[in-house]
Amino acid sequence: MRIWGSYSLTGLIFAAATLLVDQVQKAWTIAFFQTGETAKVVVAPFFDIVLVWNRGVSYGLFKQDAAAGQWLLIGFALAATLALFLWLAHMQTRLSAVAVGLIMGGALGNAIDRMQYGAVADFFHFHMGSFSWYVFNLADIAIVAGVGGLLYDSLKSSHKEAGNQA
């Protein structure tokens, strides 16, 4: 089993940077809201910064208030991160390594929240009129960007391979 590849360092650098930026932003924002001076910061007519504790997974699904459920989600995030680390050794492009690193860093950032607070701290809230998008954090953005990068890379790579076989 291969555990290190030519782009492993690239992926780990992006994972570490994502984790660091996510945790620093969360610590600062949590400290800001713990002063109790405000419940939200209006940044634009369609965007607020708030503090919401997410005890579930995406969109608050599968809410876990019990410790066992929280540890199950933590275990899943850590297992996924390990699997991504092993997969990282097989990346063939810098983009795919960066994408996997973003996903790893985001998953670890949210897992740390669960270990430290029992829930994931979310902050960014987009809304328009009565429509309200879910509240998310930098780790979530990194995970979505990483998945998007992997999809783009796979389409770009498969298009090249399809063109070469004709």
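The values are calculated or read from the model by the stated rules, or taken from the named source; none is laboratory data. As the structure is a prediction and not an experimental result, all values here were calculated from the model. Don't worry about glycine lacking a Cβ; one is built from the backbone with ideal geometry, like all the others, and counts go over all protein chains shown. With ligands, DNA and RNA removed, areas are computed over all heavy atoms of the protein, side chains included. Shrake-Rupley method; radii C 1.70, N 1.55, O 1.52, S 1.80 Å.
Details
- Selection status of Met104, farther than 22 Å from Leu9 by Cβ and touching a residue at least 24 places away in the same chain (Cβ under 8 Å): no
- Any chance Leu61 is open to solvent by 50 Å² or more (accessible area, probe 1.4 Å) and modelled with pLDDT of 95 or more: no
- Candidate set: region 7-53, residues that are in contact (Cβ under 8 Å) with a residue 24 or more places away in the chain and of a type in the set (Asp, Glu); chosen: the one nearest to Gly146 (Cα to Cα): Asp22
- Just so you know, in region 139-165 the residues that are open to solvent by 100 Å² or more (accessible area, probe 1.4 Å) and in a helix (DSSP H, G or I) include one that is modelled with the lowest pLDDT, and it is Asn164.
- Scanning region 18-58 for residues that are at pLDDT below 95, in a loop (DSSP other than H, G, I, E, B), open to solvent by 80 Å² or more (accessible area, probe 1.4 Å) and not small (Gly, Ala, Ser) returns Thr35, Glu37, Arg55.
- Taken over region 108-131, the criterion of being open to solvent by 10 Å² or more (accessible area, probe 1.4 Å) and either assigned to a loop (DSSP other than H, G, I, E, B) or farther than 19 Å from Thr29 by Cα (or both) is satisfied by Gly118, His127, Met128, Gly129, Ser130, Phe131.
- Scanning region 66-90 for residues that are aliphatic (A, V, I, L, M), free of Cβ contacts under 8 Å to residues at least 40 places away in the same chain and open to solvent by less than 50 Å² (accessible area, probe 1.4 Å) returns Ala77, Ala80, Leu84.
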